[in-house]
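Below: one structure, written as structure tokens.
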Amino acid sequence: MMKTIPQEFLIKFDAQLLKNGIPSKNHIFFKKWLRYYLDFCSKYGHDPKHTESLPNFINKLREKNQNRLQQKQAYDSILIYYAMFDIYPVWSQRTSLNNGIETKEAAVEEKVGAYSKNVELVDTGWKSVDSRLNGEIKVRHYSPKTYLAYSKWVNQFRWFVKSKALEQLTVDDVKQFLTICSRQIMISERFRSFWNTAISGQP
């Protein structure tokens, strides 16, 4: 029998889905994948909060002939689940399901090196960033979609620098991140300027 998720947690998951810009009409599918994931972990002895469990889950979906769209939706659902516990897999920003759970960019692999995929990043001042980001977005009259996009890139930048303390971040950290992700970030210059002036306080 499939595991039952407490209703209280599902309400929180719904809220997290909305925060990540997932339309309400799609929540039922994301919750379905979460149930499947938790059931998979229980059945095969995986820790649901261990980031290595996700690639194993996606591989199982492949074995069951789930299509790319379904795999991608399941993948995104579990990343959102992880985020609820402040778990940020360092490989998530450099992985594309277009080529499976594999690294596309060798430069990113070199950057993260032997850094553990399973580290749960501790807070080193990053909890204040979201509120500062939200405040700056409102002051600049940017749209909610812009907030969601910038929030995503801020989190990915955090993963990239291994949750380095904010006061230790440099402009070079930002430049390296944007250079490596240049194929994905179409608004890189705008984001870099926004980060430097609004978030880090650097010119």
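Beyond 28 Å between alpha-carbons counts as too far, so tell me which of K72/K145; K49/K175; K32/K175 fall in that bin.
K49/K175; K32/K175
For K25 and L10 in the same chain, what is the full-extension length gain: residue separation times 0.36 nm, less their Cα-Cα distance, in nm?
3.9 nm
Taking every pair of distinct Cα atoms and averaging 1/r, then inverting, what Kirkwood hydrodynamic radius in Å comes out for segment 135-177?
Hydrodynamic radius (Kirkwood, Cα only) of segment 135-177 equals 11.5 Å.
What list do you get for L169, L54, L10 if you sort them by fewest beta carbons within 10 Å?
With the sparsest Cβ surroundings first, the list reads L10, L169, L54.
What do you get for GluC sites (Glu not before Pro) in segment 2-79 restricted to DSSP loop and a cutoff of at most 14 other Cβ within 10 Å of the site's Cβ?
E52
For the pair K49 and K138, what calculated FRET efficiency results from E = 1/(1 + (r/R0)^6), where r is the Cβ-Cβ distance and R0 = 25 Å, to the nearest 0.05?
The calculated FRET efficiency here is 0.15.
We did not get these values from a lab; they are worked out from the coordinates using the rules stated. In this text, all values refer to a predicted model and were calculated from it rather than measured experimentally. Here Cβ is always computed from backbone atoms with ideal geometry, including for glycine, and neighbour counts include all displayed protein chains.
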